[in-house]
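The values are calculated or read from the model by the stated rules, or taken from the named source; none is laboratory data. All values reported here derive from a predicted model rather than from experimental measurement. Every residue, glycine among them, receives a Cβ derived from its backbone with ideal geometry; neighbour counts consider all protein chains shown. Note: areas computed on protein heavy atoms with side chains; ligands, DNA, RNA excluded. Shrake-Rupley method; radii C 1.70, N 1.55, O 1.52, S 1.80 Å.
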Amino acid sequence: VKAEGRNGFRFFDVSMQRQAQSRWQLEEGLHKAIERQQLEIWLQPQVTNMGIISGAEVLLRWRHPERGMVSPVEFISVAEESGQISVIEEWVLEESLRLLCQWQSSGLPDTFRHLSINISPAHFMQADFIQRILPILQRYNVDDINIEFEITENLLINNFKHAIDTMLLLKEQGISFSIDDFGTGYSSLRYLNQLPINVLKIDRSFVNDIENVDDETPIVDVILLMAKKLGLEVIAEGVETSIQKQLLDHRGCRLYQGYFYSKPLHHRTFYSLLQEGG
Ligand code: C2E
Ligand code: CA
Ligand code: CA
Ligand code: CA
């Protein structure tokens, strides 16, 4: 038993060691990523049912010198655990606002009204979050563009009161809020009513389910109905086919994001697309 345990342990140890090493390398690399200009702002169009690009979601990319493009799924969690997330998301916010100002001075279609930025719960719940975010917001004078922070339901579990207070303060500064991946996390009808949110983002998994004919009451129906009652906007994420879009349209959805319209694009490519008029 002892020998077995030791072998088992040794095997586990090696793979764990590799994992830890890779993670540690990412963490080290992240420290330098900003100054080495390896982080990039990519944008995914948000499109109305009429096919007009009315906004975009900012999706961060890391162009790693050895690993190529590292997925945010991989490095955001590393950044959260290592405490680098605030610095990174402050960079994302600042870069996004800088781009918006640049676009506004070179010309922006007036149908483009909106930019969504993901905010990690680990960042949002930091005591000095507001204090550090406000000067950035105030440094850039972006007219007529709504800046929205995407947060997840799980943010609200631990300190609901603090979360609400922070949201209310940011709302005064013109920031609006959406609930990302709606329906996949801790959900409570009660909190939806109390929060200063404007938009529910229907998670991709529910959009996927919509073509499943066996499902008599697709979750999207419930979400759309709920949103209507609460006076919230809805955007469907991960729309990949025209059938999904049609089924959602039919159910009253009016805003879409997904590969059917466009994958996330480098910000320069996105701006060209905007100028061509979508
Ligand atoms: P998310 O916020 O749910 O973003 C949507 C993800 O779905 C993006 O993946 C996007 O590329 C992908 N997507 C969009 N349309 C489709 C589609 O039609 N089909 C499929 N299969 N996928 C689609 P991405 O860019 O890899 O980002 C993954 C996650 O990383 C994001 O999920 C978000 O949670 C996180 N992330 C990215 N940038 C940031 C950031 O600046 N801060 C934080 N906290 N998280 C970020
Ligand atoms: Ca998001
Ligand atoms: Ca999402
Ligand atoms: Ca997510």
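Could you grab me the full set of residues in segment 245-277 that are surrounded by fewer than 16 Cβ atoms within 10 Å (Cβ to Cβ), touching a Gly at 6+ places or on another chain (Cβ under 8 Å) and either among the hydrophobic types (A, V, I, L, M, F, W, C) or in a loop (DSSP other than H, G, I, E, B) (or both)?
259
Could you grab the pairs with beta carbons closer than 7 Å, sequence gap of 6+ or different chains, first residue in segment 72-90 and part of a helix (DSSP H, G or I), second one of a type in the set (Asp, Glu)?
Pairs that qualify, where the first residue is part of a helix (DSSP H, G or I) and the partner is of a type in the set (Asp, Glu), are 78/27; 82/27.
Go over the candidates 34, 41 one by one and state the one that is within 26 Å of residue 258 (Cβ to Cβ) and surrounded by 15 or more Cβ atoms within 10 Å (Cβ to Cβ).
Of 34, 41, the one residue that is within 26 Å of residue 258 (Cβ to Cβ) and surrounded by 15 or more Cβ atoms within 10 Å (Cβ to Cβ) is 41.
From the list 92, 78, 70, which one is on the phi < 0 side of the Ramachandran plot and touching a Lys or Arg at 6+ places or on another chain (Cβ under 7 Å)?
78
Please go through (1) part of a helix (DSSP H, G or I); (2) surrounded by fewer than 17 Cβ atoms within 10 Å (Cβ to Cβ); (3) hydrophobic (A, V, I, L, M, F, W, C); (4) touching a strand residue (DSSP E or B) at 6+ places or on another chain (Cβ under 9 Å) for residue 97 and return the number of the only condition it doesn't satisfy.
(2)
Can you tell me which residues in segment 165-208 are of a type outside the set (Val, Ile, Thr), part of a loop (DSSP other than H, G, I, E, B) and within 14 Å of ligand 2 (Cβ to nearest atom)?
Residues satisfying the conditions are 183, 185, 203.
Suppose we filter segment 31-68 for residues that are in contact with a strand residue (DSSP E or B) (Cβ under 8 Å, 6 or more places away or on another chain) and within 13 Å of ligand 1 (Cβ to nearest atom); how many remain?
The qualifying residues number 17.
Just for segment 126-149: of the residues that are polar (S, T, N, Q) and not in a helix (DSSP H, G or I), which one is most open to solvent (accessible area, probe 1.4 Å)?
Only one residue tops the list, namely 141.
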